[in-house]
Each structure stands twice: as structure tokens, then as C-alpha cells.
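**Q** A single structure is presented below for examination.
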Amino acid sequence: MSKVTLTVNGRTVSGECDDRMLLVHFIREKLGLTGTHVGCDTTQCGTCVIHMDGRSVKSCSILAVQAAGAEITTIEGIAAQGELHPVQAAFKEHHGLQCGFCTPGMVMTAVDMIGRHSGQLDEATVRHELEGNICRCTGYQNIVAAVLAANQQMHGATRQAAE
């Protein structure tokens, strides 16, 4: 057993865990933050995407002990003062979700993507970068439209519509 201390959504937290515990399970089971979903445990589906030290990562591919000292942001940590994050609001407005299971991972991937591309996103780039996130309910059209709309709102960028 190891004691893991990290900063999650702006709060320093600690917990004991087996050395083999995946970060996704630490987040859900030890911290009670269940917005980060478990889909495959093999990095295939993307439902477990979080931000670790400012970059999106699949939390099922990292041991909790490997994340010790890191700054973690989960889906619960991106809204500010009760207001949805612009990506969350765009997913809602553009119907970029159906069952919602993949949505936290999609949103976290999109937030990172928009930040890395400094507003310079087009449909092809969004589709390419979402390849690691599986949605079984949609054809991604509304998800892509939501990401482009959030990108435009956050950066005032000219968006190339997903039609």
C-alpha cells in the first residue's frame, strides 16, 4: 500500500491505495469523483480522460502512484462558480450527447484540444483528435459541431461548420 497525494480540482487530497491501482479507480473509489468513467481499462474508449498537469490523459493507463504530486482536473473541476464550462454548454446546446457515458471524456479531450490549438480548429482536426474517444450512440456530427462552437466562443475563431 502507498499513500498518494495529489491536487485534484484545486484541492490537495491524499489516499492509501494498492500500488497497482489505476488512477481512474483512485479518482472514483478513493475520491468519490464518479464523473470520470471506466469503460475499457485498456485505453481504447476514452471515457476516463482527465487532465494531468494540464494535458489530457486516459486515467486507465496510469497508476495512481505514478500520478503522485500531479495536478489533476476531472470533469467535476472544469465548471466555474456553478456555470458550465463553454465546452459543456456547447455539448448541451448542440446535442453532443445521448446516453452521456462518453461525454465526460469527450468534454475533457475537447477542452485540451481547444487549448492546444489556440482557436485554430477545423472539422478534420476535431475528428482526428476525437479518434481516441468512442461514442456508441452518435455519428459524432453533433459532438464535432459542439467542439467547433465551443472553440469559436472561447477564441472568437472563425469556425468551419460541421455539416
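**Q** Counting heavy atoms of the protein chains only and a 1.4 Å probe, report the per residue accessible area for the chain as a whole number of Å².
**A** Per-residue accessible area for the chain comes out at 50 Å².
**Q** Another question, then. At a 1.4 Å probe radius, which order do Met1, Met52, Met154 fall into by accessible area, largest first?
**A** Met1, Met154, Met52
**Q** For the chain, what is one quarter of the convex hull surface built on the Cα atoms, given in nm²? Kindly include the intermediate steps, with their values, before the conclusion.
**A** Numbers: hull surface 35.8 nm².
Taking the Cα atoms of the chain, their convex hull projects to 8.9 nm² on average.
**Q** Moving to a separate point now. What ranking, highest mean first, results for peptides 11-18, 132-139, 56-63 when packing means the other Cβ atoms within 10 Å averaged over each residue?
**A** Highest to lowest by the protection proxy: 56-63, 132-139, 11-18.
**Q** Moving to a separate point now. Would you kindly find the accessible area of Arg28, with a 1.4 Å probe and non-protein molecules such as ligands, DNA and RNA excluded, rounding to the nearest 10 Å²?
**A** Approximately 70 Å² for this residue.
**Q** Express the relative contact order of the chain as a whole percentage, based on alpha carbon pairs under 8 Å and six or more residues apart in sequence.
**A** On the way: 311 pairs, mean separation 36.3, N = 163.
This gives 22 percent for the chain.
The values are calculated or read from the model by the stated rules, or taken from the named source; none is laboratory data. A quick note: this is a predicted structure, and the numbers were derived from the prediction, not measured. Cβ sites come from the backbone with ideal geometry, for glycine too, and all protein chains shown count toward neighbours. Only protein heavy atoms, including side chains, enter the accessible area calculation; ligands, DNA and RNA are left aside. Shrake-Rupley method; radii C 1.70, N 1.55, O 1.52, S 1.80 Å.
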